[in-house]
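Student: Dropping a structure here in structure tokens format, bear with me for questions.
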């Protein structure tokens with residue numbers, strides 16, 4: 001069972017690299033490109049919908065959201081193009097390091113957090 005789980009994790013990693021390549025390729029359909037970018041950003045984001053420190057549920061969102069996003073994107077990409085991305089992903093092995101993308105993901109989360117704080121602050125101030 002551990003061997004099958006390891007093979008599944010390796011396949012997800014390869015699919016993630018392929019989807020990353022699809023998100024950067026001009027031949028990818030626009031909607032697939034958007035979903036690809038969101039999926040890869042979520043997979044790489046240090047902040048999850050459910051924080052990892054919450055027992056079981058913290059990792060469950062990663063085990064559901066990322067593979068589900070990958071499955072959706074993979075179905076949206078033409079088969080011949082997907083094969084090309086998977087072949088390239090197999091030779092790459094992992095995603096390239098990109099500090100600009102990391103900074104962009106962090107900036108989005110900071111903006112979301114600040115917007116939430118501002119909204120709560122405004123509601124508190126006007127409620128009484």
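What follows is calculated from the coordinates using simple rules that are stated; it is not laboratory data. As the structure is a prediction and not an experimental result, all values here were calculated from the model. Every residue, glycine as well, gets a Cβ built from its backbone with ideal geometry; the counts of neighbours run over all protein chains shown.
Student: Please give the contour-minus-distance gain from residue 109 to residue 13: 0.36 nm per residue of separation, less the Cα-Cα distance, rounded to one decimal in nm.
Tutor: Roughly 32.2 nm would be gained on extension.
Student: Compute the FRET efficiency between residue 117 and residue 68 as 1/(1 + (r/R0)^6), taking r as their Cβ-Cβ distance and R0 = 25 Å, and round to the nearest 0.05.
Tutor: The formula returns an efficiency of 0.25 here.
Student: Kindly state, as a whole number, the per residue volume in cubic angstrom of the convex hull around the alpha carbon atoms of the chain.
Tutor: 144
Student: Can I ask one more? Taking other Cβ within 10 Å of each residue's Cβ, how do 10, 33 sort, fewest first?
Tutor: The most exposed by this proxy come first: 10, 33.
Student: Based on DSSP H runs of at least 4 residues, each adding -39500 (n - 2.57), what is the mean residue ellipticity at 222 nm of the chain after dividing by all its residues, to the nearest 500 deg cm²/dmol?
Tutor: -27000 deg cm²/dmol
Student: So what is the relative contact order for the range 1-123, in percent, with contacts set as C-alpha pairs under 8 Å and at least six apart?
Tutor: Here the relative contact order equals 33 percent.
Student: May I pose another question? What residues of the range 105-126 lie in the reach of a label at residue 45, counting those whose backbone N is under 17 Å from a point 7 Å from the Cα along Cα→Cβ?
Tutor: Inside the label zone: 105-117.
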